[in-house]
Amino acid sequence: MAVEPTVEHDVGSLTNSTIDQTRKGFSHMANIKSQKKRILTNAKRHERNKSVKAEVKTRTKVATDTIGTDDNDEAVRLAVKRIDKAASKGVMHKNAAARKKSRLMKKVNASA
C-alpha cells in the first residue's frame, strides 16, 4: 500500500507555509496584546543571544587556533572576557561558562 508523500489539508485561511512554520515550532500570532509584544521581544532576544553565542564560539576558536603563538595571551583574554560577559547577561549559565573557560585553559596550559 503506497502512501502519498504530500497530503492536502483543508485548513481554511492557513497557507502551506504557515502550516510548515507551525510544524517547525513557530506558532500563530496571538490575539492578546501583551502576548503579541512578548512574541516580538522573544524574537529580538533570540537574535541577540544567537549573536552573543556565535561571538563566544568565534573567540574560543581563535584562542585555540593561536595556541603556541604570540597572540595567544590576548586571544585567551578576549575569549574569557566574552564568556564571562555572556554568563553575566544570562545568555549562558554560569556553570556552562565556567566549564568552557576551564576547557579552554586546559588546552592552553597543555601546550605550554
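Scanning segment 48-69 for residues that are loosely packed, with under 12 Cβ neighbours inside 10 Å and at pLDDT below 95 returns Gly68, Thr69. Just one residue in the set Arg48, Arg59 is in a helix (DSSP H, G or I) and more than 30 Å from Met29 (Cβ to Cβ); that residue is Arg59.
Take segment 78-102 and flag every residue that is more than 21 Å from Glu47 (Cα to Cα) and surrounded by 12 or more Cβ atoms within 10 Å (Cβ to Cβ).
Correct list: Leu78, Val80, Ala98, Arg99, Lys100, Lys101.
The values are calculated or read from the model by the stated rules, or taken from the named source; none is laboratory data. Computed from a predicted model, the values in this text were never measured in an experiment. In this analysis, Cβ positions are derived from the backbone assuming ideal geometry, glycine residues included, and neighbour counts consider all displayed protein chains.
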